[in-house]
Amino acid sequence: MIEPFRLERRFASHEYTARSTLTASDCEPLAQSEVVALADDEARGMWEDLKLAYTEYRGLGLLREEISGLYESVSPDEVLVAAPEECIFLAMNCLLEKGDNVVCTWPGYQSLYELARSMGCEVELWEPDEASGWRFDPARLRGLARPDTKLIVVNFPHNPTGFLPERTEFEEMVGIARGCGAHLFSDEMYRLLELDPAARPPAACDLYDRGISLFGMSKSFGMAGVRIGWLAARDQALYRRMAAFKDYTTICSSAPSEVLSLIGLRARDTIVGRNLERIRRNLALLDSFFEQRAELFEWVRPACGTIAFPRLLNGPDTPELCRELLERTGLLLLDSTLFDYGRRHLRIGFGREDMPEALALFEENLDGI
Ligand SMILES: Cc1ncc(COP(=O)(O)O)c(C=O)c1O
């Protein structure tokens, strides 16, 4: 049996009934017509003549070609297309067996450690230091990894803290994985949303032959509804196992989604550029909100991505606060119990266009605290 996915269950109950949300992790969703309007001639032709047939099991060739261009050393044959959450499922099932030792960044996206637990693996959690800006210290990873560690799982840009390691720190993590011969599963779902592009660490699949990079259309592109993500992995034996395992999940991806993703990726400078502009605007609002309420919140400004994890310094615990806000005002926020991380943090999302209104609603209703 596998534990319920706490965050996804909370979204399932409230995402489509809440009046407003201040906790979404994706960028503003694009309309299909906006994506199609960005198509070049080739992709527009593919869209117009698209047959709704089964698709190539590893992903449309042109799409894999475009994806491989995001990396330095990955060929289209080393890219496997699947829904992002499905990618995690495929990788964990093909990498792990009962009893294996796994180290995973935590708090975090639950499937990154819960699948391993449900398979009977021994999972060590690698915690960041909030007082140092949520830094994941490679020295702590070195202390947790063992010679028989099978897999190290990291997620940078990090959900929920927005932490991004420096290049040298990321290289140190890769060195630790290499030292114990472990694979490195690197969830890079929020890649390209670094406020300073120069601060973007390399992708794990480029640095390490046993590195597996996960990325997709959901967050940075605002195209979660296409359900397209991918794994980039140069370990050919692992790649073949994951591709074959997909026969037991979705077999192949949706044809319209693949073409929309191709268009989105080819127009990435435009799409991601707009998303970053919105993120910068929204972050400026959060900066002044938290500055005025420094006695109430501890605010660590994220270096990238669409989410942050402020701590409530006094007043009620965050599960109670979130419940009351939802009941009284219809505002959806996530508390830290959904990450199994105590009762004092909130996950705030700032990638959406209506974030200023959601923040105003939060502000209006904070008076009672
Ligand atoms: C870190 C991380 N990895 C993977 C996923 C899964 O992406 P998707 O919901 O598009 O399957 C998410 C979604 O929230 C995420 O935050």
Practice task
Kindly indicate whether any position in region 254-272 is loosely packed, with under 15 Cβ neighbours inside 10 Å and closer than 27 Å to Asp354 by Cα.
Solution key: yes
Fill in the blank from the handout: Only unsatisfied item for Phe290, checking (1) part of a helix (DSSP H, G or I); (2) within 21 Å of the chain's Cα centre (by Cα); (3) surrounded by 14 or more Cβ atoms within 10 Å (Cβ to Cβ), is (2)
Practice task
Residue by residue through region 68-94, note down the ones that are closer than 25 Å to Leu164 by Cβ, touching a helix residue (DSSP H, G or I) at 6+ places or on another chain (Cβ under 7 Å) and either away from the ligand (no atom under 11 Å from the Cβ) or aliphatic (A, V, I, L, M) (or both).
Solution key: Ser68, Tyr71, Glu72, Ser73, Val74, Glu78, Val79, Ile88, Ala91, Met92
Fill in the blank from the handout: Those residues of region 299-343 that are among the basic types (Lys, Arg) and under 18 Å from the mean Cα position of the chain (by Cα) come to a total of 1
Practice task
Only residues in region 50-75 that are in the same structural domain as Pro202 (by TED's automatic domain parsing) and modelled with pLDDT of 95 or more count as the first member; pair them with residues that are in a loop (DSSP other than H, G, I, E, B) and not charged (D, E, K, R), Cβ under 6 angstrom, at least 6 apart or cross-chain, and list the lot.
Solution key: Tyr54/Cys252; Thr55/Cys252; Thr55/Ser253; Tyr57/Cys252; Ser68/Val74; Ser68/Ser75; Tyr71/Ala203
Handout entry: Check on Asn314, polar (S, T, N, Q) and part of a loop (DSSP other than H, G, I, E, B)
Key = yes
Exercise for the section: Could you tell me whether Glu85 is under 23 Å from the mean Cα position of the chain (by Cα), farther than 16 Å from Lys246 by Cβ and either free of Cβ contacts under 8 Å to residues at least 12 places away in the same chain or in a helix (DSSP H, G or I) (or both)? Expected result: no
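The values are calculated or read from the model by the stated rules, or taken from the named source; none is laboratory data. Values in this document were obtained by computation on a predicted structure and should not be read as measured data. A quick note on method: Cβ atoms are made from the backbone with ideal geometry, for glycine too, and the neighbour counts reach across all protein chains shown.
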